[in-house]
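The values are calculated or read from the model by the stated rules, or taken from the named source; none is laboratory data. Just so we're clear, the structure is a prediction, and the values are computed from it rather than from any experiment. Cβ sites come from the backbone with ideal geometry, for glycine too, and all protein chains shown count toward neighbours.
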Amino acid sequence: MEKNKLQALIYLLDDPDRTVFELVEKELLKETPEIIPALEEKWENSFDENCQEKIENLIQNLQFKQTTKQLKKWITSKKQDLLEGFLEVNRFQYPDLNLLNIHQKIESIKKSIWLELKNSLTLLEKTTIINHFIYSENGFSINHKNIHSPQNCFLNQIIDTKKGNPVSLSIFYTIMARQLDLPVQFIDFPKNPLVAIVDRELAKKVHGINVNSHVLFYINPSNKGAITSRKEIEYHLRESKYKPIEWFTEPKSDLLFIQRLLESLKESYNTNGFKEKEEKTGKLLKLFQNNV
């Protein structure tokens, strides 16, 4: 949009006529977040609380429009990067997130673990080392004191506070494990997502050729990375009467991972009474329809 036209539209935000504002809003919402600095300048120079509120809503709607666009692009891309998907959700609450800072913090944790890993170690031994650094050295854990806090769903908050919920902590664990070249995938276990170590050839040797699964073992990120076997998982599922068992024991896509994260965020907003944010999260969830 031309600068003069943009300034003219922003000037009209002071107009008390609701019809005028709706026309201006419609035009401004066609634009990209690049116009936000001009809106922020108008907010700073305005002494009208009503006008300031209109500008705040406009900025939020522009940011949400951008979040929706970027998340849709991630969903429909040929290969989804799990970290990028997590960050797209993060931008919903933190549109000005410092991505470099996030990457640097993840890299720092990764390096501390990488120094202890050797090629001669088994996948089980490597998993044990990763668990030690994530839970004992860095202190990551479930936020039991405030399990329904929306902040549990955002990567920057998880890294800074070391707290998350079962879904977000499982995603964080998967990101770290993949950074260290471990073959991990998401398991959509009821109420408590798991992470699986997956290796086709090793699975044949361990389980035999008659077992139609590439999962070596399961990791519970919500319980300090506790390692468990398929028999234990299947026993729990049968006791709790979950069917079909294969759905809850075999790997699922990263798309479903991020969908579960948004579902968790939506539930948190609902629990805390943030209706507007809950509705917007619902709109983001609709992007996953026919894609997962």
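List of remarks:
- Qualifying residues in segment 265-292 (those that are touching a Pro at 6+ places or on another chain (Cβ under 8 Å) and among the hydroxyl-bearing types (Ser, Thr, Tyr)) - the one farthest from Ser149 (Cα to Cα): Tyr269
- Cβ-Cβ distances below 7 Å connect no pair with a first residue in segment 143-161 that is free of Cβ contacts under 8 Å to residues at least 60 places away in the same chain and more than 14 Å from Ser264 (Cβ to Cβ), a second residue that is assigned to a loop (DSSP other than H, G, I, E, B) and among the aliphatic types (A, V, I, L, M), and a separation of six or more residues or different chains.
- Scanning segment 151-168 for residues that are outside any loop (DSSP other than H, G, I, E, B) and crowded, with 23+ Cβ neighbours inside 10 Å yields a count of 6.
For (1) assigned to a helix (DSSP H, G or I); (2) crowded, with 17+ Cβ neighbours inside 10 Å, each residue gets a yes or a no:
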residue	(1), (2)
Ile55	yes, yes
Ile75	yes, yes
Lys79	no, no
Lys111	yes, no
Leu117	no, no
Thr128	yes, no
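- Search result, residues across segment 120-162 that are of a type in the set (D, E, K, R) and within 21 Å of Phe274 (Cα to Cα): Lys145
- Residue selection: Leu123 fails the criterion of being loosely packed, with under 13 Cβ neighbours inside 10 Å, hydrophobic (A, V, I, L, M, F, W, C) and more than 24 Å from Gln259 (Cβ to Cβ).
- Of the residues making up segment 240-292, those that are of a type in the set (Gly, Ala, Ser) and either under 15 Å from Thr68 (Cβ atoms) or assigned to a loop (DSSP other than H, G, I, E, B) (or both) number 4.
- Positions within segment 85-109 being farther than 20 Å from Lys280 by Cα and either not basic (Lys, Arg) or not in a helix (DSSP H, G or I) (or both), in sequence order: Asn98, Leu99, Leu100, Asn101, Ile102, His103, Gln104, Ile106, Glu107, Ser108, Ile109
- When Lys252, Lys231 are checked against the criterion of being in contact with a Phe, Trp or Tyr (Cβ under 7 Å, 6 or more places away or on another chain) and in the same structural domain as Ile147 (by TED's automatic domain parsing), Lys252 stands alone in meeting it.
- Of all residues making up segment 130-144, the number that are touching a strand residue (DSSP E or B) at 6+ places or on another chain (Cβ under 6 Å) and part of a helix (DSSP H, G or I): 0
- Scan of segment 1-42 for residues that are closer than 15 Å to Ile59 by Cα and outside any helix (DSSP H, G or I), ordered by number: Leu29, Lys30, Glu31, Thr32
- Single residue of Leu262, Leu287 found to be among the aliphatic types (A, V, I, L, M) and more than 23 Å from Tyr173 (Cβ to Cβ): Leu287
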